[in-house]
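Shown next, in structure tokens, is the structure this report addresses.
The values are calculated or read from the model by the stated rules, or taken from the named source; none is laboratory data. Being a predicted model, the structure only gives us computed values, none of them experimental. Here Cβ is always computed from backbone atoms with ideal geometry, including for glycine, and neighbour counts include all displayed protein chains. All accessible areas refer to the heavy atoms of the entire protein, side chains included, with ligands and DNA or RNA removed. Shrake-Rupley method; radii C 1.70, N 1.55, O 1.52, S 1.80 Å.
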Amino acid sequence: MYFYFTYTPFFFQHYGRNSGFAEMAQWSLLASAIALAFYLAGTVKRDNTRLSKLCSLLGIGFVLMLFEDAGDVRHVLMSYVQLAAGEPDQGIAGTLFEATYFTVIGGIPLYALIRYGGVLRQCGRSLRYMIVGFIAYAAAAGLSFMGTAFQMLLERDLYTIMGDGLVRLSYRLGDEALPALWERWNAGNWLYQVGFFLMDSLVEENLEIIAGAFVLAALLTVREFVVKTQRTQLKSLS
């Protein structure tokens, strides 16, 4: 009653719930990356056009990603698609919409990196950090997409299937009371299995935190390079 949960508040659900600690960390990292990207785009606009364009596109892409993370826009829009298609659970129409949605949201920063990312080679480890961040975001988005794709056509969604492996691992690591607790929960809540939440609230959310941290680190490295370059130019002029 204290948290308005519709489920038993396991730790990973407290941590990874919608608008929970993990998501607040993600929003903070992504918002910082947005501010820094647009700041850098303006700062280097005259001296480094390619870097300015890269940062501008990244900033736009990150804004859309923040809208998605904070507002669950995808789920809202997909609900109407499924209603129009008569899909009570996610089927072909919902999955095709979700794939298109992820392609558009991820396509902007990916295009920016492919088109202008080479300019980051001059900025120390920035390109490496950015690539790791993009890979982590792609992994999180891919898991989120595959986790519930074609749910109406499958007896069990893929998140639950993959999560079962984490459940078995947890049983080996936990105490003797854990299997009984989770099996009792699964028996009474067939739609919300523990394995699903381990994937959704623990694995996926942590991947997004790692991704946001690496992207922000990449932009901070770019800022450090820009500041050093500007100082060198000022010294040469003096």
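Annotations
- The range 73-109, subset outside any helix (DSSP H, G or I) and farther than 22 Å from residue 205 by Cβ, residue most open to solvent (accessible area, probe 1.4 Å): 88
- Residue in the range 196-214 that is open to solvent by 80 Å² or more (accessible area, probe 1.4 Å) and among the charged types (D, E, K, R) present: no
- Residues in the range 183-195 that are open to solvent by less than 30 Å² (accessible area, probe 1.4 Å) and touching a residue at least 60 places away in the same chain (Cβ under 8 Å): 185, 194.
- The sole residue among 149, 180, 112 that is among the small types (Gly, Ala, Ser) and surrounded by fewer than 14 Cβ atoms within 10 Å (Cβ to Cβ) is 180.
- Restricting the range 152-164 to residues that are open to solvent by 30 Å² or more (accessible area, probe 1.4 Å) and free of Cβ contacts under 8 Å to residues at least 40 places away in the same chain leaves a set whose member that is farthest from residue 95 (Cα to Cα) is 164.
- Any hit, the range 44-59, residues being modelled with pLDDT under 90, out of contact with any helix residue (DSSP H, G or I) (no Cβ under 7 Å at 6 or more places or on another chain) and of a type in the set (S, T, N, Q): no
- Here residue 48 meets each of (1) under 25 Å from residue 108 (Cα atoms); (2) over 21 Å from the mean Cα position of the chain (by Cα); (3) surrounded by fewer than 16 Cβ atoms within 10 Å (Cβ to Cβ) with one exception, condition (3).
- Qualifying residue in the range 25-35 (condition: more than 18 Å from the chain's Cα centre (by Cα) and crowded, with 21+ Cβ neighbours inside 10 Å): no
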